[in-house]
Amino acid sequence: VAGTMQFLAWLMIATCLLPGVTATRHHAGQPMDSTSVGGALQEPESPEVMFELLWAGLELDVMGRLYIQDEELASTRPGRRLRRLLQHHVPSDLEGAEQRLQQFQDLRRGPPLSPRDFEHLLLTGLSCVYRLHVTSETEERARWAQVFALLAQETLWDLCKDFCPQGHPPSLGPWASILDPFP
């Protein structure tokens, strides 16, 4: 299961980093969502910048907050923005992650997520993987794994909205078995 979780985590990150993902998420007539940082509105970071920040590694502190390991990268404007996203828009506990998942599931029938919401979806999934690896209680690990798998499914749903045939939802295929927490 650990190898599958790691694969799905990297799949989610790779999905975010596909060329043009952030550029193709905006639709004509739809307002661009931005994240307020320091009073100014900003677009999500480019995939290359996010990849560099995430590649540097994240750590989970004793309070359950994620932070960037590389202090130099963390001090850059994108690093500070990512830190604020991780602190203010990524749930730090299981109940918050489950609530965020429900919010994304409620948006499934609407238009594709805004770049900001899509970024929050991916970061919430990534956060689940980190929390899954530090949790020692079997039942809690199973819940984190299930939330992560469902967030991965929501990512596929959102990416497929404009491309998949109507009525044929995307699937995690053989990895869907982790949705059952007790094999």
Residue match in the range 171-182 (condition: modelled with pLDDT under 90, surrounded by fewer than 14 Cβ atoms within 10 Å (Cβ to Cβ) and within 23 Å of residue 64 (Cβ to Cβ)): no
Subset of the range 45-58 [in contact with a helix residue (DSSP H, G or I) (Cβ under 8 Å, 6 or more places away or on another chain) and under 17 Å from residue 132 (Cβ atoms)]: 54, 58
Count of the range 132-147 residues which are surrounded by 12 or more Cβ atoms within 10 Å (Cβ to Cβ) and either closer than 18 Å to residue 113 by Cα or at pLDDT 90 or above (or both): 8
Complete set of residues in the range 54-73 that are more than 20 Å from residue 124 (Cβ to Cβ) and buried (at least 17 other Cβ atoms within 10 Å of the Cβ): 73
Contacts under 7 angstrom Cβ, first residue in the range 89-102 being over 18 Å from residue 149 (Cβ atoms), partner in a helix (DSSP H, G or I) and modelled with pLDDT under 95, 6 or more apart: 89/120
Residues located in the range 100-123, provided they are under 13 Å from residue 159 (Cβ atoms) and of a type in the set (A, V, I, L, M): 113, 121, 122
Within the range 113-144, tally of residues that are closer than 22 Å to residue 161 by Cβ and part of a helix (DSSP H, G or I): 12
Filter result for the condition that a residue is more than 16 Å from residue 95 (Cα to Cα) and β-branched (Val, Ile, Thr), over 134, 147: 134
Some residue of the range 148-166 being under 24 Å from residue 61 (Cβ atoms), of a type outside the set (Gly, Ala, Ser), surrounded by 15 or more Cβ atoms within 10 Å (Cβ to Cβ) and modelled with pLDDT of 90 or more: yes
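The values are calculated or read from the model by the stated rules, or taken from the named source; none is laboratory data. Values in this document were obtained by computation on a predicted structure and should not be read as measured data. Note: ideal-geometry Cβ built from the backbone for every residue, glycine included; neighbour counts use all protein chains shown.
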